[in-house]
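Enquirer: My structure is below; once you've seen it, I'll send some questions.
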Amino acid sequence: MTLAIRPHRAGWLQRIQVPLQVVLYIGFFIVAQQLVDWLHLPLPANIVGMLLLLALIMLRILPLNWVKAGSRWLLAEMLLFFIPAVVAVVNYSQLLRVDGWRIMIVITISTLLVLTATALVVDRVYRFEIWLAERKKERRGE
């Protein structure tokens, strides 16, 4: 409802918001790559960068609205990032004919494991938020 009432912000800041946020993500990746190289971490730089970004958001050093539009754009355009995978499938058609069923089993099982783990985490976080809300309500009632 508030989105319908709020006036539409148009201007140069609105137009450069997404590119600036994508540049910010690239900066996080570069910093993370340097950290991985410097500290000899056994993690990929993109994971370290995401953890760094998450830490800055959770510590409220980096406001969420500074990265929200860029992340929405990247998620909306995610299909473009899978085009190389589709090309690889076409190039290795013989492999798929021979071992395709094994690959599909691995993909199915890993997808089910990820979905199950995600569901469990979401359920735990939801229960924790309910517990926090009840605790807060009890403290206000005292």
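Enquirer: Using a 10 Å Cβ count of at most 14 others and DSSP loop calls, identify the longest part of the chain lacking such chymotrypsin sites (Phe, Trp or Tyr not before Pro). Please list the in-between numbers first.
Expert: Values: sites that count: F82, Y92.
By the stated rule (loop sites, at most 14 other Cβ atoms within 10 Å), 1-81.
Enquirer: Of D123, D99, D37, which is the most mobile in a GNM of the chain whose springs link Cα atoms less than 10 angstrom apart?
Expert: So, out of D123, D99, D37, the one fluctuating most is D123.
Enquirer: Moving on. Choose one answer from L13, L113, L79: the residue with the largest mean-square fluctuation in a GNM of the chain with alpha-carbon springs under 10 Å.
Expert: L113
Enquirer: Relative contact order for region 1-81: what is it in percent, counting Cα pairs under 8 Å that are at least 6 residues apart?
Expert: Values: 41 pairs, mean separation 26.1, N = 81.
It rounds to 32 percent for region 1-81.
Enquirer: Once the Cβ-Cβ distance between I30 and V121 is put in as r, and R0 is 35 Å, what FRET efficiency do you end up with, to the nearest 0.05? Before the final figure, lay out the partial values.
Expert: Working: r = 29 Å, r/R0 = 0.84.
Efficiency computed from Cβ-Cβ geometry: 0.75.
Enquirer: Nearest 500 deg cm²/dmol is fine: what mean residue ellipticity at 222 nm does the chain get from its DSSP H runs of n ≥ 4 alone, each adding -39,500 (n - 2.57), divided by its residue count?
Expert: Values: 7 runs with 117 residues, N = 142.
Result for the chain, helices only: -27500 deg cm²/dmol.
Enquirer: Further question: Within the chain, what's the longest run with no trypsin sites (Lys or Arg not before Pro) in a DSSP loop and at most 12 other beta-carbon atoms within 10 Å? Give the range, please. All intermediate terms of the calculation are to be shown ahead of the outcome.
Expert: Working: sites that count: R9, R60.
Answer from the scan: 61-142.
Enquirer: On to the next question. So how far apart, in nm, are the two label points at E134 and L51 if each is 7 Å from Cα heading toward Cβ?
Expert: The answer from the label model is 3.4 nm.
Enquirer: 7 Å from Cα along Cα→Cβ at both W101 and A88: what's the point-to-point distance in nm?
Expert: Taking the simple label geometry, W101 and A88 are separated by 2.4 nm.
Enquirer: Taking only C-alpha pairs under 8 Å that are 6+ residues apart, what is the relative contact order of the chain in percent? Please report the intermediate quantities before stating the final value.
Expert: On the way: 43 pairs, mean separation 25.2, N = 142.
So the answer I get is 18 percent.
Enquirer: Of (1) 19.9; (2) 15.0; (3) 18.3, which is the value of Kirkwood radius over Cα pairs in Å derived from the coordinates here?
Expert: After the calculation, the listed value that fits is (1).
Where a number appears in this text, it was derived from the coordinates with a stated rule and is not lab data. In this text the structure is predicted, and so the values were computed from the model without any measurement. Positions of Cβ are backbone-derived with ideal geometry, glycine not excepted, and every protein chain shown enters the neighbour counts.
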